[in-house]
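Taking it in order: structure first as structure tokens, then the write-up.
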Number of protein chains: 2
Amino acid sequence: MAGDSQQQSWVLMVTAQTPTNIAVIKYWGKRDETLILPVNDSISVTLDPNHLCTTTTVSVSPSFQQDRMWLNGKEISLSGGRFQSCLREIRARACDVEDNKKGVKISKEDWSKLHVHIASYNNFPTAAGLASSAAGFACLVYALGKLMNVKEDESQLSAIARQGSGSACRSLFGGFVKWIMGKEENGSDSLAVQLADEKHWDDLVIVIAVVSSRQKETSSTSGMRETVETSLLLQHRAKEIVPKRILKMEEAIRNRDFASFSQLTCTDSNQFHAVCLDTSPPIFYMNDTSHKIISIAEKWNRSEESPQVAYTFDAGPNAVLIARNRKAATLLIQRLLYYFPPNSDDLDSYLQNFPPSSYIIGDKSLAKDAGINGIQDIEALPPPPEIKDNIPSQKYKGDVSYFICTRPGRGPVLLTDESQALLNSENGLPK
Amino acid sequence: MAGDSQQQSWVLMVTAQTPTNIAVIKYWGKRDETLILPVNDSISVTLDPNHLCTTTTVSVSPSFQQDRMWLNGKEISLSGGRFQSCLREIRARACDVEDNKKGVKISKEDWSKLHVHIASYNNFPTAAGLASSAAGFACLVYALGKLMNVKEDESQLSAIARQGSGSACRSLFGGFVKWIMGKEENGSDSLAVQLADEKHWDDLVIVIAVVSSRQKETSSTSGMRETVETSLLLQHRAKEIVPKRILKMEEAIRNRDFASFSQLTCTDSNQFHAVCLDTSPPIFYMNDTSHKIISIAEKWNRSEESPQVAYTFDAGPNAVLIARNRKAATLLIQRLLYYFPPNSDDLDSYLQNFPPSSYIIGDKSLAKDAGINGIQDIEALPPPPEIKDNIPSQKYKGDVSYFICTRPGRGPVLLTDESQALLNSENGLPK
């Protein structure tokens, strides 16, 4: 490799930012565990990376002795099959790279001899159950692809990201994305395509309720394996129900038909949790707080002429609520704050810092539009009109940890400003 | 009618006692709302009426001006279609009755002109969600059948009780009972048959955890209608899954095969709740406490060579736990009391009255066999061995209201001792 003997100390780096996504037609169940091939198509909405994203810097240098990775500043092992699959598939597609400024030339063949350093950072709590692995593997594959001058397009890259984490394939695009399950045994046609970009339906507003949980959850990997092995309902769902729903959901997105979108999103989320419950032993991802949020949304939707909000839950108790527009979103956040006021133990910090920096994060302007400028505004919220007068409404203080306000967003981007890189350009170690 | 002119004041009375039952293959969904015809067969275990039962006195007198009924001492309306169906069907089958002692003779034709008084009493809290309507309608039909000298056998009576409350048909027998869905449009072949009596498998011990709940529940009548109308999984369950399970469950009961019985009972309960969740809007009957009880049972079963306990949940959060034998039941009650100690607010009353008269009811000897002779024994319970040492075990004080210890039991009986009648033999009014 050119530059090899003269300058052993060069480091080439690429930094990318990739969004997370939330499925509105769910992926649950693999037909191939190693290649990560699903039993049905799925559709997702990409979330605005300004609020939820992974940033990943990948670097290469002849001085690196082995492949290494740091996640949120802590070194983690790359020996897992999923990392190895992604690294192998990307390396196999690497092309010649020339960096005139650094005087570096790497030929296609050299890549198999070079090691990489990877640093990845989520701008949201990893423990919150917000599909960090989707954004993470998408970002890893996207950044490595750029570093190694891989010519494949986003869909082809998605088939690689898929081998890291199934839902990661849908994070290669912004807006509305379909993961086509594919038919090939080698998985080459199991990839993501964009149905519409984020500007197509930019009325939508998304509020995520991060729900406090005292139960340890089943990982989605083992959960879906157990469902495939034991549920007698899953195959019926995958073969008979989802294919029709996918067509209807594509149409709803095409026409910006919120009533259909909402109905399909909610029923598919519920059906995914139904097949979890039909698993042996049963899997519970939703808890009493999740159930309460569903009841609030259902009651409100029924009281209006047409649905105002859709809800969907992944492999955990957090609610992802999609409001039809900003007006509906302010009414939604009022309802959520009415039922789930912040825990009074934390009130001091909220009072000092309003809009509460830790209770409503993301697009804080939504709280302002909802008339929430201080804790006293939450306490003064009237019961939603859909509550009948004769039923005293209960409040659930502390059952939600915090809310994230966001919207549909764009796909992966390169960050060219070197100050945003997570690795030091001199030695390729975390900054 | 003979005796009519001479003695207008006679009152004829019959008192019966009928058990409740718990389905181990669930009934959920009607194909005919009025006749109450189900979409699948179901199988139940009859619960010992010594612990959970309905007592009903029915009486007839020419002095009665109208049909009247009292439930737990409070007069209720008989105008509902379900009461009217049962009364009409029983009256249509009434035969001649002669009571020599009272000098009363009622001919077949007279019954349509006579009114009845009915008093019914549940020996357990009606609000606890313990299928009181099943025992209630079974008892009503059984007692009226005896009063009116109806010649039909229990299976034929069950087809009448079915029109009061579907699951009531299974309370006409003790032991293990199958409700055959039937094929006829008029419902004549939708009735219960006994699979085995209560002596067939008398090792089984049943513990019911009555779970505290802050959510209002969907009634099973409207719940199953909504499931039939909206769930895309229910028909698959009813047509493809349940018929095979029914055969397997019959075999498991025949062979007293607890491993199969337990596996079928648990998976069918979970699948019933799965189709509830697949309903639009979704129905949640189980809550976090129900989920916790399932986890405790599943973890224990997995740690043993073969299952020790089966669980099943009806249209509410209460757990019905079936232990393979008395030894397993004592181990079960230790686990349950370890995780769900009584609320400390109630401790005084427990201390004054041990075994706690209000926290463990029914067959209290089970608590004694489990070594629980006082509140200090609950506090001293060690963590179950299946908990790994490195996981601190959480306790859920107050999440269970109380436990009922019982067993499989007999079918309906007549109570001939007049002191047990709920109506006054002079005037036919509640005592």
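Considering the protein assembly as shown at the alpha-carbon level, its Rg and Dmax are found to be 32.3, 128 Å. Ranked by the mean number of other Cβ atoms within 10 Å of their residues, highest first, the peptides A:102-108, B:45-51, B:58-64 come out as B:45-51, B:58-64, A:102-108.
Amide H contacts of A:VAL211: A:ASN318, A:ALA319, A:SER401, each under 5 Å away and 5 or more positions distant or on a separate chain (H built 1.01 Å from N in the peptide plane; Pro and chain starts excluded). A simple rule links phi to the HN-Hα coupling: the Karplus curve 6.51 cos²θ - 1.76 cosθ + 1.60 with θ = phi - 60°, which for the stretch B:116-123 gives 10, 10, 10, 10, 9, 9, 9, 7 Hz, with x for Gly and Pro.
Computed over the stretch A:150-246, the percent of Cα pairs more than 15 Å apart is 74. Between 0 and 90 degrees, the angle of helix B:288-303 with respect to the longest Cα principal axis of chain B falls at about 60 degrees. Secondary-structure-derived ellipticity at 222 nm for chain A, considering helices only, amounts to -9000 deg cm²/dmol, per-run term -39500 (n - 2.57) for DSSP H runs with n ≥ 4.
Can you tell which of B:GLU386, B:GLU305, B:GLU229 shows the greatest fluctuation in a Gaussian network model of chain B with Cα springs below 10 Å? So, out of B:GLU386, B:GLU305, B:GLU229, the one fluctuating most is B:GLU305. Each other copy places its own label point for A:GLN394 at 1.7 nm from this one, sorted shortest first, where the point lies 7 Å along the Cα-to-beta carbon line. Remark: mean inter-chain Cβ contacts per residue of A:41-54 equal 0, using a 10 Å Cβ-Cβ cutoff to other protein chain atoms.
Residue by residue along B:267-274, Cβ atoms of other protein chains within 10 Å of the local Cβ number 6 on average. Ranked by how many other Cβ atoms sit within 10 Å of their own Cβ, fewest first, the residues A:ARG254, B:ARG162 fall in the order A:ARG254, B:ARG162.
In the neighborhood of B:ALA370, defined by Cβ-to-Cβ distances under 15 Å, what is the net charge if each Lys or Arg adds +1 and each Asp or Glu adds -1?
+1
Which value, in debye to the nearest 20, describes the size of the charge dipole of the protein assembly as shown about its Cα centre when Lys and Arg Cβ atoms bear +1, Asp and Glu Cβ atoms bear -1, and nothing else is charged?
Here the protein assembly as shown has a charge dipole of around 420 debye.
Here the Karplus curve 6.51 cos²θ - 1.76 cosθ + 1.60, taken at θ = phi - 60°, turns the phi angles of the stretch B:407-421 into couplings of 7, x, x, 7, x, x, 9, 8, 9, 8, 6, 5, 5, 8, 5 Hz, with x standing for Gly and Pro.
For B:LEU195, the residues 5 or more places off, or on other chains, whose built amide H falls under 5 Å of its own are B:PHE176, B:VAL177, B:LYS178. Simple spin-label model, 7 Å along Cα-to-Cβ: A:THR230 to B:LYS74 in nm? In this crude spin-label approximation the distance works out to 4.2 nm.
Where both bridge residues fall in the protein assembly as shown, DSSP classifies roughly 90% of the beta bridges as antiparallel.
Enter the angle in degrees (range 0 to 90, nearest 10) between the Cα long axis of helix A:220-230 and the first principal axis of the Cα atoms of chain A, meaning the one along which they spread out most. The answer is roughly 70 degrees. Fully extending the segment from B:LYS108 to B:LYS151 would add 14.3 nm, taking 0.36 nm per residue of separation and subtracting the current Cα-Cα distance.
Here B:GLU305 yields copy-to-copy label distances, from shortest upward, of 7.0 nm, the label point defined as 7 Å from Cα along Cα to C-beta. Close amide H partners of B:ASP32, meaning residues 5 or more places away or on another chain with modelled amide H under 5 Å apart, are B:LEU37. Take each residue of peptide A:296-305, count the partner chain Cβ atoms within 10 Å of its Cβ, and average: the result is 1.
In the stretch B:205-406, one over the average inverse separation of all distinct C-alpha pairs is 18.1 Å, which is the Kirkwood hydrodynamic radius.
Determine, for A:HIS117, A:HIS291, the number of other Cβ atoms within 10 Å of each Cβ, and report the residues in order from fewest to most.
Lowest to highest Cβ neighbour count: A:HIS291, A:HIS117.
Would you please give the FRET efficiency between B:GLU386 and A:SER212, computed as 1/(1 + (r/R0)^6) with r the Cβ-Cβ distance and R0 = 25 Å, to the nearest 0.05? Computed FRET efficiency for B:GLU386 and A:SER212: 0.40. Result for chain A in a Gaussian network model with C-alpha springs under 10 Å: among A:ALA380, A:ALA138, A:ALA94, the largest mean-square fluctuation is at A:ALA380.
Give the relative contact order (percent, whole number) for the stretch A:12-201; include only Cα pairs under 8 Å separated by 6+ residues.
28
Exposure proxy for A:ARG326, A:ARG302: other Cβ atoms within 10 Å of each Cβ, ordered fewest to most, give A:ARG302, A:ARG326.
A cut-off under 13 angstrom between Cβ atoms defines the neighbours of B:ASP257, and their net charge, with Lys, Arg +1 and Asp, Glu -1, is +1.
Once you reduce the stretch B:236-290 and the stretch A:113-163 to the center of their Cα atoms, the two points are 42 Å from each other. Cα-based radius of gyration for chain A, normalised by 2.2 N^0.38 Å, reads 1.03.
FYI, it's all coordinate maths here, none of it is from the lab. Here the structure is a predicted model, which is why all the values come from computation and not from measurement. Here the Cβ is made from the backbone with ideal geometry for all residues, glycine too, and neighbour counts use every protein chain on show.
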